[in-house]
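Written below as structure tokens is the structure these notes are about.
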Amino acid sequence: MQHVVHQYFKRVFDDYQVLVQVNPESLSGLELIVHPDGNIEKTKMRFDKNIFEDLDADGFESASPLEFNLYLKGLV
């Protein structure tokens with residue numbers, strides 16, 4: 001069994017927030033879009049090898065695993 005440390009990113013837009021979980025080994029992950037009404041869209045993602053450069057270019061910053069998982073579980 002392989003242990004992977006996921007990486008987390010976020011960006012706040014005018015009226016919503018996007019959080020991204022990236023598995024750096026498989027380049028897979030999960031995207032959460034948090035709407036102002038509290039609704040959360042979850043999308044499984046497959047990324048390419050440039051994902052970290054793309055996130056940086058798009059203005060995403062590092063996020064904590066705790067913050068991501070609180071939104072994922074609907075506890076925020």
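Checking the conditions here, which among G38, G74, G29 is at pLDDT 95 or above and among the small types (G, A, S)? Reasoning before the result, please.
Numbers: G38 fails: at pLDDT 95 or above; G74 fails: at pLDDT 95 or above.
After applying the criteria, what remains is G29.
Just checking, how many residues over region 3-57 are over 20 Å from L75 (Cα atoms) and in contact with an Asp or Glu (Cβ under 6 Å, 6 or more places away or on another chain)?
Selection size over region 3-57: 2.
Among strands (runs of 3 or more DSSP E) lying entirely in the chain, which contain 2 or more residues that are surrounded by fewer than 15 Cβ atoms within 10 Å (Cβ to Cβ) and not β-branched (V, I, T)? It would help to see each step written out before you state the result.
On the way: elements: 7-12, 17-23, 28-34, 40-46.
Passing ranges, in order: 40-46.
Looking at (1) more than 19 Å from L70 (Cα to Cα); (2) touching a Gly at 6+ places or on another chain (Cβ under 9 Å), find the lone condition where V22 falls short.
(1)
Against the definition (in contact with a His (Cβ under 7 Å, 6 or more places away or on another chain) and touching a residue at least 12 places away in the same chain (Cβ under 8 Å)), how does V4 come out, yes or no?
Numbers: in contact with a His (Cβ under 7 Å, 6 or more places away or on another chain): no; touching a residue at least 12 places away in the same chain (Cβ under 8 Å): yes.
No, not satisfied.
Pairs under 6 Å by beta carbon, first residue more than 11 Å from V20 (Cβ to Cβ) in region 52-76, partner open to solvent by 70 Å² or more (accessible area, probe 1.4 Å), six or more apart or different chains?
From residues that are more than 11 Å from V20 (Cβ to Cβ), the pairs are G59/R11; L70/V76.
The values are calculated or read from the model by the stated rules, or taken from the named source; none is laboratory data. What you see is a predicted model; the values in this text were computed from it and never measured. Using ideal geometry, Cβ is built from the backbone for each residue, glycine included, and neighbour counts are taken over all protein chains shown. Remember, those area values only see protein heavy atoms, side chains included, never the ligands or the DNA or RNA. Shrake-Rupley method; radii C 1.70, N 1.55, O 1.52, S 1.80 Å.
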